[in-house]
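This report concerns only the one structure given below.
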Amino acid sequence: MLVSLAWSSLASRRKSVILTFLSLLISISVLLSVEHIRQQAKESFNRTISDVDMIVGAPSGQLNLLLYSVFRMGSPTSNINYKSYETLKGSSLVKWAIPISLGDSHRGFRVMGTNNSYFEHFKYGTKQPLTFSSGQPFNALFEAVIGADVAKKLNYKVGQSVVIAHGIGNTSFTHHDNTPFIIKGILSPTGTPVDKTIHVSLNAIEAIHLSPAKQAKLLNNVDSVNTTPESITAVMLGLKSKFSTFKLQRDINNYKADRLMAVLPGVAMTELWQMMATVENLLRIIGILVLVSSLFGLSTMLLASMAQRKNEIAVLRVLGAGPSVIFSLVLVEALILVILASAAATALLSLTLWLLGDWLGATYGLFLNANMLNVETLKVIAVITVAAIITSAIPAYEAYKNALHSSLGAKN
Amino acid sequence: MPNTISSASTPLAIHIDQLSYKYHKADKTSFYIPNWQVTQGEQVFLHGESGSGKTTLLNLLAGVLTPQSGDIALLEQAFSTLSSKKRDKFRAQNIGVVFQQFNLIPYLSVLKNIQLASYFAKTGNTQIEQYAKALLLALKLPTTILQKAANTLSVGQQQRVAIARALINKPKLLLVDEPTSALDAASRDAFMTLLIDLCKQHGITLVFVSHDMHLQQFFERSVNVTSLLKEEGSKC
């Protein structure tokens with residue numbers, strides 16, 4: 001009855017209520033989206049790589065190495081010798097090594113040279129291995145395995161042939177027209193940059209950069225030209241024992257034959273997050289301020305309505321409603337507005353994320369879950385509700401005082 | 001007219017004893033009624049000049065104001081000494097109140113307004129709609145009015161709905177404060193006849209406050225507020 005009374009009361013003040021509702025909707029959406037994107041981005045970052053103990057590349061910054069080797073962002077500054085990879089692979093401390101070679105792209109998707117150890121050892125999320133939704137790993141020179149998003153976006157099927165261009169970007173000037181690749185396999189979706197990568201063998205990367213004459217020769221006879229690469233971009237390592245991590249890292253950093261740098265993915269990830277933390281906190285504070293201002297708006301709206309509701313309160317008093325009922329009535333009105341606005345904001349964001357999900361993933365590498373109904377969202381909504389109760393206690397108290405002093409036949 | 005006309009056998013609806021009320025704590029003089037009694041089923045016309053204290057007395061009887069000293073007993077039960085919560089409940093269940101105007105919550109339908117009275121009285125009456133229809137018919141209002149918003153009715157209709165709302169919980173005491181001041185003469189007389197008839201029919205004690213002496217004709221008993229009151233300062 002109280003809720004239905006509060007609802008009718010709100011409905012009778014439609015205009016100011018709708019404006020207040022919109023202001024709440026916007027501020028709650030801002031706060032929820034900041035929180036959601038923060039959570040999801042962190043989750044999506046952290047699930048990109050798992051079970052890799054060390055990444056080895058040319059000396060630059062550890063963030064730089066992490067960004068290009070794992071997130072396929074930015075470009076490697078220089079390469080490392082292929083021999084170094086072989087040395088690392090042969091080390092008694094190393095369980096497995098995945099070589100990667102970056103620098104090419106195909107219609108906006110990165111092309112990565114690697115070998116079959118990638119499909120065997122690379123893990124993401126919570127130690128989940130890569131699986132094939134169709135096809136199998138490449139085994140011949142001009143074969144490629146594509147990520148789920150690549151297959152979906154470009155509508156590629158197993159068995160189709162594609163042409164890989166040199167350089168990064170959608171329109172590349174030097175198309176390697178002579179060297180078409182056959183799609184050999186399509187990976188299952190992972191929600192990581194793997195989905196947006198085209199995987200070929202290291203030798204294939206070498207082959208597409210040969211002179212046209214050599215390429216023609218190679219197409220005639222695969223074994224006629226040596227396509228063993230001289231250099232690669234980075235190596236991902238799995239160690240036999242975690243205890244040897246620091247020893248190996250020191251050895252690699254002091255390696256004389258090549259200039260190498262080894263980074264620990266966990267440490268680099270943490271550094272990346274610390275960098276984001278400032279921005280993250282700033283966004284959060286802005287979100288909170290916007291929310292506070294619209295809660296004050298709600299409180300003002302209710303307070304302003306008190307003058308015109310004196311009679312209404314007197315009537316309720318006479319019918320036997322105690323001052324506490326009047327207090328609750330105002331609180332219930334505020335809660336109805338805040339809960340409706342929260343629900344609407346959740347729905348609105350879910351819809352927006354669902355509609356923009358592909359674009360965000362393709363443009364910013366953000367893989368956001370469109371489902372907003374999780375514990376974190378509920379926590380934020382709970383905090384908003386408590387804040388709303390606190391701010392609307394002001395008009396509720398005003399109504400309570402009105403109720404205490406309202407007397408019958410109060411002349412208007 | 002004597003203030004005590006009740007015999008020991010008829011139960012009292014209102015019994016005021018040594019009531020004293022100050023508008024502000026610092027006031028030297030106070031509103032003071034040494035003794036006043038109304039028997040159950042009686043209809044009393046309470047008149048007096050503006051500012052004579054009619055409305056204050058009504059507020060005290062409804063329990064919205066509480067006396068600083070003295071007692072008000074309603075329906076042979078202590079009333080002014082109850083806790084405010086119990087007093088609110090007693091009022092909801094036993095007292096019907098009709099104001100001069102603004103009796104209804106404007107944005108609610110007539111039915112919702114009436115249901116609200118029943119909700120706060122916690123009578124658990126499931127047949128409110130039937131009873132409300134019967135009351136509206138008795139008050140010569142069409143039952144279709146139930147679904148209309150209160151602020152779409154004419155003032156005369158609103159006052160009659162207010163009576164129906166005041167009677168929905170079958171109160172034993174009805175307090176009415178100048179309900180006809182916004183009505184023209186013809187509708188005023190019709191309204192008064194209906195009100196008195198309904199009260200007689202249901203055995204309801206009515207305290208009717210007005211400064212309009214013309215209305216005295218509808219009542220058997222008429223009391224001037226000034227005669228009830230004695231300034232405490234002038235008492236001794």
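The values are calculated or read from the model by the stated rules, or taken from the named source; none is laboratory data. Values in this document were obtained by computation on a predicted structure and should not be read as measured data. Cβ atoms come from the backbone with ideal geometry, glycine included; neighbour counts cover every protein chain shown. Just the protein is used for accessible areas: all its heavy atoms, side chains included, with ligands, DNA and RNA removed. Shrake-Rupley method; radii C 1.70, N 1.55, O 1.52, S 1.80 Å.
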Legend entry - Cα shape, the range A:78-132, gyration tensor, a/c 1.5 rule: oblate
Legend entry - Hull volume in cubic angstrom per residue (convex hull over the Cα atoms of the protein assembly as shown): 223 Å³
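Per-residue Cβ counts within 10 Å, from other chains only, averaged over A:330-337: what number is that?
Values: counts 0, 0, 0, 0, 0, 0, 0, 0.
Partner-chain Cβ atoms within 10 Å, mean over residues of A:330-337: 0.
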Legend entry - Residue-level accessible surface for A:Thr126, protein heavy atoms, 1.4 Å, Å²: 120 Å²
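For chains A and B, what's the summed buried accessible area, probe 1.4 Å, to the nearest 100 square angstrom?
On the way: alone 20370 and 11680 Å², together 29660 Å².
Heavy-atom accessible area buried at this interface is about 2400 Å².
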Legend entry - Simple label model, 7 Å out from Cα along Cβ direction - B:Gln130 to A:Lys89, nm: 9.2 nm
Legend entry - Spin-label proximity, A:Gln308 to the range B:147-177 - amide N less than 14 Å from point 7 Å beyond Cα toward beta carbon: B:151
Legend entry - Sequence-distant aspartates and glutamates (8 or more away, or on other chains) whose Cα lies within less than 16 Å of A:Lys247: A:Asp53
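Within 10 Å of each Cβ of B:157-170, how many other protein chain Cβ atoms are there on average?
Working: counts 0, 0, 0, 0, 0, 1, 0, 0, 3, 2, 0, 1, 2, 0.
Average neighbour count from other chains, rounded to a whole number: 1.
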Legend entry - Rounded to 10°, Cα long-axis angle of helix B:110-121 versus longest principal axis of chain B: 50 degrees
Legend entry - Using a Förster distance of 25 Å, the FRET efficiency for A:Trp273-A:Asn371 (Cβ separation, nearest 0.05): 0.60
Legend entry - Folded to 0 to 90 degrees: helix B:128-138 orientation relative to chain B principal axis, Cα: 80 degrees
Inset, instruction - Please determine, in degrees from 0 to 90 and to the nearest 10, the orientation of helix B:185-202 with respect to the longest principal axis defined by the Cα atoms of chain B, where the helix direction is its Cα long axis. - result: 80 degrees
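Classify the range A:54-263: rounded, prolate or oblate, from the alpha-carbon gyration tensor (a ≥ b ≥ c, eigenvalue square roots; a/c under 1.5 rounded; otherwise prolate if a/b is larger than b/c)? Please list the in-between numbers first.
Numbers: a/c = 1.75, a/b = 1.37, b/c = 1.27.
Taking the square roots of the gyration eigenvalues as a ≥ b ≥ c, the range A:54-263 is prolate.
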Legend entry - Cut-off 12 Å (backbone N to label point 7 Å along Cα→Cβ of A:Phe243), residues of the range A:86-105: none
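With a 1.4 Å probe and all protein chains left in place, how much accessible area per residue does the protein assembly as shown have, in Å²? Present the calculation step by step, with values, prior to reporting the outcome.
Working: 29660 Å² over 648 residues.
For the protein assembly as shown, the solvent-accessible area averages 46 Å² per residue.
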Inset, instruction - Select from the range A:221-313 those GluC sites (Glu not before Pro) which occupy a DSSP coil region and have at most 16 other Cβ atoms within 10 Å, ordered by residue number. - result: A:Glu230
Legend entry - Stretchable slack from A:Val383 to A:Thr126, in nm (0.36 nm times residue separation minus alpha-carbon distance): 89.5 nm
Inset, instruction - Return the aspartates and glutamates within reach of B:Lys140: Cα separation strictly under 18 angstrom, same-chain partners fewer than 8 residues apart disregarded; answer none if there are no such residues. - result: B:Glu129, B:Asp184, B:Asp189, B:Asp197
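So which helices of chain A fit the span-like rule, where a helix is a whole DSSP H run, its Cα atoms reach 27 Å or more along the axis, and its mean Kyte-Doolittle is at least 0.0?
Working: long enough: A:14-46 (46 Å, 0.54); A:265-308 (63 Å, 1.20); A:323-364 (57 Å, 1.75); A:375-405 (44 Å, 1.00).
Membrane-span-like by this criterion, though nothing is claimed about a membrane: A:14-46, A:265-308, A:323-364, A:375-405.
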Legend entry - Selection from B:Leu57, B:His24, B:Thr144 lying farthest towards where the dipole of the range B:1-160 points positive, charges on Cβ: B:Thr144
Legend entry - Within chain A, longest stretch free of exposed trypsin sites (Lys or Arg not before Pro) [DSSP loop, at most 14 other beta carbons within 10 Å]: A:260-410
Inset, instruction - For the range A:204-309, just say rounded, prolate or oblate: build the C-alpha gyration tensor, square-root its eigenvalues into a ≥ b ≥ c, call rounded for a/c under 1.5, and beyond that prolate if a/b exceeds b/c, oblate if not. - result: oblate
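For the range B:8-144, what relative contact order do you get, as a whole percent, if you take Cα pairs closer than 8 Å and at least 6 residues apart? Please list the in-between numbers first.
Numbers: 149 pairs, mean separation 28.2, N = 137.
This gives 21 percent for the range B:8-144.
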Inset, instruction - Whole Å is fine, so just give me how far the alpha carbon centre of the range A:1-65 lies from that of the range A:111-133. - result: 31 Å
Legend entry - Residues of the range A:20-53 with amide N under 16 Å of a point placed 7 Å along Cα→Cβ from A:Leu355: A:26, A:29-30
Inset, instruction - Work out the charge dipole of the range A:54-263 with +1 on the Cβ of Lys and Arg and -1 on the Cβ of Asp and Glu about the Cα centre, then indicate which of A:Asn139, A:Tyr68, A:Thr114 is farthest towards its positive end. - result: A:Tyr68
Inset, instruction - Give the relative contact order (percent, whole number) for chain A; include only Cα pairs under 8 Å separated by 6+ residues. - result: 24 percent
Legend entry - Karplus (6.51, -1.76, 1.60) ³J(HN,Hα), θ = phi - 60°, over the range B:28-41, in Hz, Gly and Pro reported as x: 7, 8, 9, 6, 9, 10, x, 6, 8, 9, 10, 7, 5, x
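For the range A:30-98, what's the relative contact order in percent, using C-alpha pairs closer than 8 Å and at least 6 residues apart? Present the calculation step by step, with values, prior to reporting the outcome.
Details: 27 pairs, mean separation 13.1, N = 69.
The value is 19 percent.
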